[in-house]
Amino acid sequence: MTVVLSAEKLVKTFPGVRALDEATLTLTAGSVHALLGENGAGKSTLIKILTGVYRPDGGQLRLPGPDGELRAVQLGNPQDAQRAGIGVVHQERNLIPAFSVAENICLQHLPRRAGLLDRAALRTEARRCLDLLDLDLDPDLPVSRLSVAQLQLVEIAKALSADSTVLLLDEPTASLTNDEADRLYGIVRRLSERGHATVLVSHKLEEVFAVADTVTVLRDGRSVAEAEPLADHSREEIVDLMVGRAYQQVHLAPRTVAADVEPALVLDAVATTAGHHDVSLAVRPGEIVGLYGLVGAGRSELAKALLGLDRISSGEVRVHGRPARIRDVGDALHRYRIGYVTENRKEEGLFLDQTVARNTAVTVWRRLARLGLVRDRSERLLVNEYADRLGIRLASPDQHAGQLSGGNQQKVSLAKWLAADCDVLIIDEPTVGIDVRTKAAFHELIAGLAARGMAILLISSDLPEMVTLADRIAVMRVFAIVGELDNDHDYDRMSQSVIRFIHDGQGVVA
Amino acid sequence: MKTETAPEAPAVPPAAEPRPSARALPVWANPRLGLLIVIAVLVVLFSSLTPAFLDPRLTLAPLQADISVYVVVGLAQLAVLSLGHMNMAVGRMAALSTFAMGLAYDRLGVPLLVGLLVGLAVGAGIGALAGLLIAKTGVNSFVVTLALDFGLLGLVTILYTWATGGVSFAVQPSGLSALRFDTFADYCMGEVCGPRIPLVVPIAVAAALGVGVLFRHARLGREILMTGSNTVAAELSGIPTHRRVVAAHALSGLLAALAGFLLAANNGAFSANIGESFLLPSFLAPVLGGTLLAGGAVSVLGTALGATLTQVIYKGLNLLQFSLEELKLYIGLVLLAALSLDRLRALLAERRAVSSS
């Protein structure tokens with residue numbers, strides 16, 4: 001088998017996090033290679049290195065030269081990657097709607113004659129790429145007239161147009177129906193018969209098992225399975241590899257939750273306009289309830305519906321025993337003392353171009369203000385207090401949040417809710433993109449909050465994190481709770497039960 | 001790069017992570033200081049070319065009155081730039097508000113202050129309407145206010161024709177001519193008279209101080225800035241972002257009305273052409289002063305200096321007897337040069353900050 005791409009011991013670090021830690025990927029001609037891993041495992045970073053967007057800090061990338069010998073190459077930019085025969089279809093669409101199919105396919109290298117666009121050559125070239133996919137599409141049709149599935153195929157044709165030998169597909173079926181996905185994978189199989197190597201990134205394990213023949217699993221930036229035949233693994237084994245069975249569990253001081261205490265937050269058979277149904281949960285003061293599920297299971301959406309960003313269409317939410325109608329986050333905060341630490345801290349949690357002081361105090365200005373005015377000094381005192389309590393390393397409270405490392409940023413997005421004195425906290429994926437040591441500190445912090453009586457709903461797709469922190473684990477699958485388990489902190493037993501819920505929506509209640 | 005799902009690792013490459021604006025910049029890179037120096041150089045230049053530039057009564061007093069108007073015009077735009085929005089109707093909001101003032105003086109004979117308050121209320125109301133349209137529909141502020149401007153252009157003409165049969169009210173409320181002609185030098189206590197500063201100046205200063213305190217210390221102003229910095233994060237931090245958008249646009253309308261009043265006082269008439277010259281200066285003053293079009297940060301002092309610079313250039317060229325067309329050409333060129341220099345200064349400062357970090 002000819003190796004067409006070999007990435008060896010790639011290292012890529014960002015401030016505060018090692019996104020890739022000697023990750024390895026080997027591709028052979030004619031293979032369909034699945035690249036798997038949970039969020040934050042390093043898949044996107046690896047793909048960005050292969051497509052010339054990022055440069056690795058260590059390791060090397062080797063591609064076959066004209067004589068077929070592998071040679072180390074540097075991909076300085078996406079054009080380099082394209083010239084080296086690596087085509088990519090990103091999750092987001094990258095087509096120009098007003099341009100024709102042919103123009104989009106050949107966008108990077110439009111054929112020219114005497115400085116003008118050579119329409120005939122353009123059409124021939126586009127036709128050739130479409131034929132590779134056995135796709136019967138009019139090359140002159142504007143892309144805006146195509147269906148989602150057709151767009152996806154045009155993207156692939158575009159990726160192949162530069163004589164690519166390697167094709168990277170990042171979640172190609174995310175917006176396709178099952179039939180359309182089947183058709184797409186038929187095309188992928190045909191391409192592999194013709195010798196193309198395909199890398200498939202997908203969260204849908206069913207599809208991966210149906211299409212791919214080899215697999216690399218990334219976890220915490222490392223390859224925990226390297227180009228192994230997929231047939232050697234069961235689905236459970238793959239999930240175990242992804243979530244990390246061998247994870248070294250941190251043992252936190254045990255907490256006791258009084259069983260007879262009235263729950264701080266209750267969801268009673270809640271359905272939402274986002275599509276949730278039959279969601280029942282209760283979180284007592286001092287308790288951490290985990291909400292586990294794979295990406296897309298509807299966990300963050302549930303948090304947002306709870307905060308009024310989507311409507312609760314039936315069922316009841318009760319806070320401290322009283323029925324609650326929460327219209328927006330301000331309502332949740334000021335009337336019900338519920339806080340929400342968002343999943344994407346850069347996009348939703350922080351104001352990157354504002355000072356840490358403002359980022360922390362934004363939720364408490366209402367309390368700090370006298371006659372509508374906020375004194376800088378009271379704000380500064382507050383920030384220093386929480387920087388101390390959470391161990392946020394600051395040069396000054398006037399430092400901009402964008403200048404902090406990922407871990408410190410996450411602490412700031414938590415600090416604003418602690419400052420607001422919430423007694424229910426929904427924490428969404430607290431440790432994504434955070435290195436292992438900071439992660440452990442975070443776990444202690446969250447456990448400490450619960451020990452002081454806070455009711456915490458922890459959303460996470462990091463199973464070891466769940467087993468470490470949660471008192472109970474509710475499993476969500478396709479916008480419904482499919483089971484709830486008491487956590488005995490035995491990772492092997494818990495992960496098996498949880499994974500069973502994920503796979504068939506039923507399991508043994510431990 | 002923009003990911004809907006959770007980004008793996010930081011989605012932003014590390015080199016781009018700390019925004020340049022976040023670094024500690026060298027003193028000379030402060031845009032306010034740069035403006036002050038340019039203003040000083042120009043004043044020296046103009047006064048050496050034409051001594052009339054330093055005539056207190058003929059030049060300096062009217063110059064201060066003009067600066068007062070355009071500082072407030074700049075603040076009206078700054079109020080929405082804080083959100084990353086624009087108000088293309090700033091001039092016509094002023095026109096409609098001054099019409100309301102003129103009507104109140106003409107038909108109801110109200111005192112100067114009451115008419116002013118009526119006009120400010122109309123300005124704030126029309127601004128709030130713009131804000132409401134933007135917040136509820138999600139349509140870009142540029143488009144909404146541009147359409148509003150067009151509509152108001154017609155409305156103001158129709159209203160003046162209906163109320164006055166022409167383009168101007170004849171009424172002169174008592175106190176208006178004092179605002180127009182007097183300086184503090186005209187008011188003496190015994191032997192001690194005030195400085196030769198027109199009476200409109202403290203009004204503009206008060207407006208600037210008010211807006212400054214609002215954005216620096218008030219919860220409302222800070223929440224507007226946070227909304228401009230990151231609307232999603234603001235909403236998820238419990239800020240009622242829609243109401244903040246409405247408030248910022250209402251403030252913009254209110255300040256436009258105040259600018260309209262000051263211009264009417266300077267001109268001595270409430271007329272339909274008030275606000276015609278507001279749009280470009282409204283952007284120039286804050287932008288020259290270092291306020292970003294992206295939102296999240298404003299500089300009131302910079303806006304005041306930016307407005308001063310534009311008016312100094314205008315007055316200087318005027319005294320050097322440039323024709324109106326030439327005046328426009330040179331002002332355009334000078335401002336283009338000033339903005340390019342400003343950009344150059346920012347780039348140099350950024351480079352120095354990078355190399356020293």
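May I ask you to say which residue of A:ALA450, A:ALA470, A:ALA455, A:ALA480 is among the hydrophobic types (A, V, I, L, M, F, W, C), in contact (Cβ under 8 Å) with a residue 40 or more places away in the chain, touching a strand residue (DSSP E or B) at 6+ places or on another chain (Cβ under 8 Å) and farther than 23 Å from A:GLY286 by Cβ?
On inspection, the qualifying residue turns out to be A:ALA480.
Which of the residues spanning the range A:282-327 are charged (D, E, K, R), out of contact with any Pro (no Cβ under 7 Å at 6 or more places or on another chain) and assigned to a loop (DSSP other than H, G, I, E, B)?
A:GLU287, A:ASP310, A:ARG311, A:ARG325, A:ARG327
Return a yes/no flag: does the range A:304-316 have any residue that is hydroxyl-bearing (Ser, Thr, Tyr), within 29 Å of A:VAL243 (Cβ to Cβ), in the same structural domain as A:ALA253 (by TED's automatic domain parsing) and in contact (Cβ under 8 Å) with a residue 24 or more places away in the chain.
Looking through the range A:304-316, none of the residues is hydroxyl-bearing (Ser, Thr, Tyr), within 29 Å of A:VAL243 (Cβ to Cβ), in the same structural domain as A:ALA253 (by TED's automatic domain parsing) and in contact (Cβ under 8 Å) with a residue 24 or more places away in the chain.
Out of all the residues in the range B:258-292, which are of a type in the set (S, T, N, Q) and touching a strand residue (DSSP E or B) at 6+ places or on another chain (Cβ under 9 Å)?
Listed by number, the residues that qualify are B:ASN266, B:SER271, B:ASN273.
Restricting attention to the range A:333-351, and to residues there that are within 7 Å of chain B (Cβ to nearest Cβ) and assigned to a loop (DSSP other than H, G, I, E, B), which single residue is farthest from A:GLY296 (Cα to Cα)?
Restricting to residues being within 7 Å of chain B (Cβ to nearest Cβ) and assigned to a loop (DSSP other than H, G, I, E, B), the top hit is A:PHE351.
Looking at the range B:287-295, is at least one residue among the hydroxyl-bearing types (Ser, Thr, Tyr), in contact (Cβ under 8 Å) with a residue 40 or more places away in the chain, buried (at least 23 other Cβ atoms within 10 Å of the Cβ) and away from every other protein chain (no Cβ under 14 Å)?
In the first step, residues of the range B:287-295 are kept if they are among the hydroxyl-bearing types (Ser, Thr, Tyr); the result is B:291.
If we keep only those that are in contact (Cβ under 8 Å) with a residue 40 or more places away in the chain too, we end up with B:291.
With the extra rule that they be buried (at least 23 other Cβ atoms within 10 Å of the Cβ), the set shrinks to B:291.
Subsequent filtering for residues that are away from every other protein chain (no Cβ under 14 Å) retains none.
There is no residue in the range B:287-295 that is among the hydroxyl-bearing types (Ser, Thr, Tyr), in contact (Cβ under 8 Å) with a residue 40 or more places away in the chain, buried (at least 23 other Cβ atoms within 10 Å of the Cβ) and away from every other protein chain (no Cβ under 14 Å).
Out of (1) within 14 Å of chain B (Cβ to nearest Cβ); (2) under 30 Å from A:MET242 (Cα atoms), what's the single condition that is false for A:ALA72?
(1)
In this structure, is A:ASP179 within 14 Å of chain B (Cβ to nearest Cβ) and among the charged types (D, E, K, R)?
Judged against the criteria, A:ASP179 is not a match.
I'd like the full set of residues that are surrounded by fewer than 20 Cβ atoms within 10 Å (Cβ to Cβ) and either under 24 Å from A:ALA447 (Cβ atoms) or more than 9 Å from chain B (Cβ to nearest Cβ) (or both), limited to the range A:372-381.
Of everything in the range A:372-381, those that are surrounded by fewer than 20 Cβ atoms within 10 Å (Cβ to Cβ) and either under 24 Å from A:ALA447 (Cβ atoms) or more than 9 Å from chain B (Cβ to nearest Cβ) (or both) turn out to be A:ARG377, A:SER378, A:ARG380, A:LEU381.
Being among the polar types (S, T, N, Q) and surrounded by fewer than 19 Cβ atoms within 10 Å (Cβ to Cβ) is the filter here, so list the residues in the range A:249-294 that pass it.
Listed by number, the residues that qualify are A:GLN249, A:THR256, A:THR273, A:SER280.
Looking at the range B:151-199 only, could you name the residues that are part of a loop (DSSP other than H, G, I, E, B), buried (at least 18 other Cβ atoms within 10 Å of the Cβ) and at pLDDT below 90?
Result: B:VAL171, single match.
May I ask you to verify whether A:GLY330 is over 21 Å from A:LYS411 (Cβ atoms), surrounded by 20 or more Cβ atoms within 10 Å (Cβ to Cβ), facing chain B (nearest Cβ under 7 Å) and not hydroxyl-bearing (Ser, Thr, Tyr)?
Judged against the criteria, A:GLY330 is a match.
Given the options B:GLY238, B:GLY275, B:GLY290, name the one that is part of a loop (DSSP other than H, G, I, E, B) and more than 21 Å from the chain's Cα centre (by Cα). Outline the logic, then answer.
On the way: B:GLY275 fails: more than 21 Å from the chain's Cα centre (by Cα); B:GLY290 fails: more than 21 Å from the chain's Cα centre (by Cα).
On inspection, the qualifying residue turns out to be B:GLY238.
Identify all residues within the range A:111-140 that are aliphatic (A, V, I, L, M) and closer than 16 Å to A:ALA159 by Cβ; write none if there are none.
Correct list: A:ALA126, A:LEU130, A:LEU132, A:LEU133, A:LEU135, A:LEU137.
Return a yes/no flag: does the range A:397-412 have any residue that is within 11 Å of chain B (Cβ to nearest Cβ), surrounded by fewer than 22 Cβ atoms within 10 Å (Cβ to Cβ) and out of contact with any strand residue (DSSP E or B) (no Cβ under 9 Å at 6 or more places or on another chain).
Yes, that holds for at least one residue.
Any residue in the range A:46-69 that is among the basic types (Lys, Arg) and part of a strand (DSSP E or B)?
Within the range A:46-69 (the criterion being among the basic types (Lys, Arg) and part of a strand (DSSP E or B)), the answer is yes, since at least one residue qualifies.
Of all residues in the range A:22-71 being in contact with a strand residue (DSSP E or B) (Cβ under 9 Å, 6 or more places away or on another chain) and at positive phi, which is surrounded by the fewest Cβ atoms within 10 Å (Cβ to Cβ)?
The qualifying residue surrounded by the fewest Cβ atoms within 10 Å (Cβ to Cβ) is A:GLU22.
Name the single residue that is farthest from the other protein chains (Cβ to nearest Cβ) among those in the range A:75-100 being among the polar types (S, T, N, Q) and outside any helix (DSSP H, G or I). Break it down into steps so the answer makes sense when it comes.
As a first pass, look at the range A:75-100 and keep what is among the polar types (S, T, N, Q): A:77, A:79, A:82, A:91, A:94, A:100.
Now narrow it down to the ones that are outside any helix (DSSP H, G or I): A:77, A:91, A:94, A:100.
Details: A:ASN77: 13, A:GLN91: 7, A:ASN94: 11, A:SER100: 26 Å.
Per the stated criteria, the residue is A:SER100.
Would you be able to tell me the number of residues in the range B:121-150 that are without any contact (Cβ under 8 Å) to a residue 12 or more places away in the chain and surrounded by 22 or more Cβ atoms within 10 Å (Cβ to Cβ)?
Of the residues in that region, 0 qualify.
The values are calculated or read from the model by the stated rules, or taken from the named source; none is laboratory data. Bear in mind that the values here come from a model prediction, so they are computed numbers and not experimental data. Every residue, glycine among them, receives a Cβ derived from its backbone with ideal geometry; neighbour counts consider all protein chains shown.
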